[in-house]
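The values are calculated or read from the model by the stated rules, or taken from the named source; none is laboratory data. Bear in mind that the values here come from a model prediction, so they are computed numbers and not experimental data. Cβ sites come from the backbone with ideal geometry, for glycine too, and all protein chains shown count toward neighbours. The area values use the complete protein model at the heavy-atom level, side chains included, leaving out ligands, DNA and RNA. Shrake-Rupley method; radii C 1.70, N 1.55, O 1.52, S 1.80 Å.
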Amino acid sequence: MSSAPATDPDDQRSPRHERPRRRTQRVPRWAVAVLPAVIGAGSWFAYTCAKDQPGPDTAYASEPAPAPGQSQPATTAASLPLPWPKEGQAAIEAEGIGSLGVKGDQKPVPIASITKVMTAYVILKDHPLKGQDEGPTIRIDKTAANESVSSSESTAAVKENQEFTERQLLKLMLIPSANNIARQFARWDAGSQEAFTKKMNKAAAELGMSQTTYTGASGIEVTNKSTAVDQLKLARTIMKNDVFRSIVAMPKATVPGFPAELTNTNVLLKTPGVVGLKTGSTTPAGGCLLWAAEHQAQDTKRLILGVVLHQRAGLPPTEGRRVAADCSRELITAARQALTTQLSEQSSGSKAR
C-alpha cells in the first residue's frame with residue numbers, strides 16, 4: 001500500500017468555500033443544573049477551540065436537519081457547555097441519551113473522505129459480512145490499478161487482476177483512506193460509480209439525511225456534501241455493524257499482498273477509549289472528522305458519537321486535519337467529564353429521594 005508522498009489524503013485544490021454564520025446559544029433546562037458543577041471544576045474554559053465561540057444550537061439527534069436558511073429548532077434535548085470549534089459545524093450525541101448539542105449552521109458542506117462511511121454502508125448492506133467472514137473475492141480492475149499511482153490523492157498500490165476479499169478491501173478503503181479502492185467497490189457493486197452513487201443517495205434518504213448529496217464514492221469530489229447532523233445519523237446506524245466497527249477501531253492492520261502495515265489516518269485512535277471512525281480532508285472541505293468514543297460510568301458503557309466539519313477550509317488539508325483532530329479530542333474529553341458529572345448527580349438525587 002502506498003500513497004503519493006507530499007500529497008495529503010484526498011487533496012484537491014479549489015476556491016475557498018463560504019463559512020457558515022454563527023448562531024446564538026440555546027441551553028435546555030437540565031443543562032442549567034449541570035453548569036455550576038462544570039464551572040466549579042475550573043477546567044472547561046481552557047480549551048482553545050472554545051475561545052470567542054457562542055454556545056451550541058441544540059436538537060434531538062433523531063430530528064432531520066433544518067433546510068438551509070432555517071433556524072435550528074429549540075428543544076429540551078441534552079446540551080452541555082462544550083468546547084465547540086471556532087468555525088465550521090459540529091454535533092455530538094450519546095447512546096441512550098440523545099443529542100449533546102449541535103454547533104453551526106446545518107447547511108451542506110464538502111465532507112471529503114467521510115464519504116467512504118456511506119460507501120462502506122452500501123457495500124455491507126448489499127454484501128453483508130458476519131463474524132470473521134471474509135466475504136466474496138474481488139478482482140482489481142485496470143482502472144483501480146492505474147489510479148494507484150496518482151499523485152493528487154490517497155490511494156492503495158494495487159495491481160490489475162490482484163484478488164482481495166471484501167473485508168480486506170474495506171480495510172484498504174477505511175484505514176489508509178484509499179480513493180481508488182472506494183471507486184473499485186462502486187464498480188464491483190453497481191457496474192459504475194454513477195450507478196453506485198444513486199444507491200448512496202437512496203440510502204441517505206432512507207436514513208433521513210435530507211441535507212446530504214453524494215456524487216462519488218471516494219470523497220475527492222467537492223460536490224459530495226452533508227451536514228454534521230446528517231452524518232451522525234449515518235454513524236449511529238453503521239456503528240451497529242460489528243464488521244465495520246471492528247475495522248475503524250484498528251490503529252494499524254495488515255492485508256496479504258502489502259508488505260507494510262496499514263496505518264489509520266485517524267490519529268484520535270491513540271486516545272484511550274476512542275474506537276473510530278473516519279477522517280476526511282481536502283482544500284475545499286478543510287478538515288473533517290467523524291469519531292466514536294466509549295464512555296464508562298456507573299457500570300454502563302455508552303458510545304459517544306461526534307463529527308467536526310469544515311475546519312480551516314481553503315487552507316492546506318494538513319492544517320484542517322490538525323484542527324479537526326485537536327477540537328474533536330477536546331470535545332471527547334469534555335463530553336465524558338460532563339456526562340460523568342451529570343449521571344453522578346442524577347444517581348445522588350435518586351438515592352436522596
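Here r is the Cβ-Cβ distance between Thr333 and Arg139 and R0 is 56 Å; the resulting FRET efficiency, rounded to 0.05, is 0.80. Per residue, region 76-119 exposes an accessible area of 16 Å² to a 1.4 Å probe, with every protein chain left in place. Ordered from highest to lowest accessible area with the whole protein assembly present and a 1.4 Å probe, Arg302, Arg183, Arg329 read as Arg329, Arg302, Arg183. Placing R0 at 51 angstrom, the Cβ-Cβ distance between Glu261 and Asp299 gives a FRET efficiency of 0.90 after rounding to 0.05. Ranked by the mean number of other Cβ atoms within 10 Å of their residues, highest first, the peptides 255-262, 144-151 fall in the order 144-151, 255-262. Only protein atoms count toward the accessible area here, which uses a 1.4 Å probe; on region 207-251, the carbon and sulfur part of that area reaches 57 percent. Glu95 exposes around 100 Å² of accessible area when a 1.4 Å probe is run over every protein chain in place.
Hey, can you find the accessible area per residue of region 123-211 for me, probe 1.4 Å, expressed in square angstrom?
Numbers: 3860 Å² over 89 residues.
Value returned for region 123-211: 43 Å² of accessible area per residue.
Listed here are the pairs Lys103/Lys202; Lys171/Lys252; Lys142/Lys202; Lys125/Lys233; Lys125/Lys301; which of them are more than 18 Å apart at the Cα? Exceeds cut-off: Lys103/Lys202; Lys142/Lys202; Lys125/Lys301.
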